[in-house]
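*Asks:* Below: one structure in structure tokens.
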């Protein structure tokens with residue numbers, strides 16, 4: 001899937017200028033002249049960075065960002081703002097935007113911020129994919145395997161887990177092996193790291 005920068009600005013000259021600049025730096029873009037036109041989109045997966053003018057006709061850039069957040073769209077957003085709009089841009093940052101640029105735009109700064117936003121988008125998507133994979137693996141565990149895994153991550157020995165669950169150490173050993181195989185890890189440290197990165201335990 002090709003990574004795209006989506007530009008939302010009601011000024012066609014600005015859109016054209018941004019498109020040419022980004023294209024010259026190797027980026028692929030899509031342009032929208034209003035928040036409404038962007039909200040008609042169903043698939044945001046190609047979008048790795050949003051460049052939003054803070055002042056748009058109808059729904060403002062700030063409101064658009066709020067609506068996208070409510071939809072669960074987590075694409076990094078960079079606001080383009082006039083000096084008088086800086087308090088609004090700061091508010092946008094507090095709502096989760098990654099940065100803002102003041103007009104007139106400086107080409108090198110814009111490219112740097114877009115590259116940083118795309119790198120963040122990749123990182124966020126990798127993390128979400130990893131979390132999904134962990135939850136899918138967890139769904140394959142039996143109730144007993146989950147109980148054994150809870151003991152494993154607490155650092156308990158097979159004998160201690162067996163005593164807690166009133167089963168034999170040999171049975172714990174079998175469940176432990178199945179758990180490690182299903183979670184696709186080869187050590188307790190890797191299991192703890194995997195669960196920690198998925199936000200399921202405190203490492």
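The numbers here are math on the coordinates, done by the rules we state, and not lab data. Keep in mind that this is a model prediction, so the values were computed, not measured. With ideal geometry, Cβ positions are generated from the backbone for all residues, glycine too; neighbour counts draw on all protein chains shown.
*Asks:* Can you pull a Stokes-Einstein diffusion coefficient for region 115-203 at 20 °C (1.002 mPa s), Rh from Kirkwood over Cα pairs, as a whole number of µm²/s? Working shown, then result.
*Replies:* Working: Rh = 14.0 Å.
So the translational diffusion coefficient is about 153 µm²/s.
*Asks:* Is the C-alpha gyration tensor of region 154-194 telling us rounded, prolate or oblate? Criteria: a/c under 1.5 is rounded; beyond that, a/b larger than b/c is prolate, otherwise oblate.
*Replies:* On the way: a/c = 3.05, a/b = 1.68, b/c = 1.82.
Verdict is oblate for region 154-194.
*Asks:* A further question on this structure: At 7 Å along Cα-to-Cβ for each site, give me the label-to-label distance between residue 2 and residue 173 in nm.
*Replies:* Once both label points are built, they end up 5.7 nm from each other.
*Asks:* Run the Debye formula on the Cα coordinates of region 4-125, all scatterers equal and no solvent, and tell me log10 I(q)/I(0) at q = 0.09, 0.16 1/Å.
*Replies:* -0.20, -0.68
*Asks:* For a footprinting-style exposure proxy, rank 80, 201 by other Cβ within 10 Å, fewest first. Could you put the intermediate results ahead of the total?
*Replies:* Numbers: 80 23, 201 15.
If I rank by nearby Cβ atoms, fewest first, I get 201, 80.
*Asks:* Label region 39-107 by shape, choosing from rounded, prolate and oblate, from the square roots a ≥ b ≥ c of the eigenvalues of the Cα gyration tensor; if a/c is under 1.5 it is rounded, and otherwise prolate applies when a/b is larger than b/c, oblate when it is not. Walk me through the numbers before you get to the answer.
*Replies:* Values: a/c = 1.75, a/b = 1.55, b/c = 1.13.
It is prolate, given that a/c is not under 1.5 and a/b is the larger ratio.
*Asks:* So how do 44, 79, 100 line up by other beta-carbon neighbours within 10 Å, fewest first?
*Replies:* Working: 44 17, 79 27, 100 21.
In order of increasing Cβ crowding within 10 Å: 44, 100, 79.
*Asks:* Shifting gears a bit: Show log10 I(q)/I(0) for region 97-149 at q = 0.17, 0.27 Å⁻¹, two decimals, from a solvent-free Debye sum over equal Cα scatterers.
*Replies:* Treating every Cα as an identical point scatterer, log10 I(q)/I(0) equals -0.66, -0.99.
*Asks:* Hey, what's the per residue convex hull volume over the C-alpha atoms of region 52-203, in cubic angstrom? Can you show the working numbers first?
*Replies:* Values: hull volume 19.7 nm³, N = 152.
Per residue, the Cα convex hull of region 52-203 comes to 130 Å³.
*Asks:* Mind pulling the angle between the C-alpha long axis of helix 143-153 and the longest principal axis of the chain? Nearest 10 degrees, somewhere in 0 to 90.
*Replies:* 80 degrees
*Asks:* Let me ask something additional. If you average the sequence gap of Cα pairs under 8 Å that are 6 or more apart and divide by the length of region 1-49, what percent do you get for the contact order? Could you put the intermediate results ahead of the total?
*Replies:* Values: 60 pairs, mean separation 26.1, N = 49.
Normalised by residue count, the contact order of region 1-49 is 53 percent.
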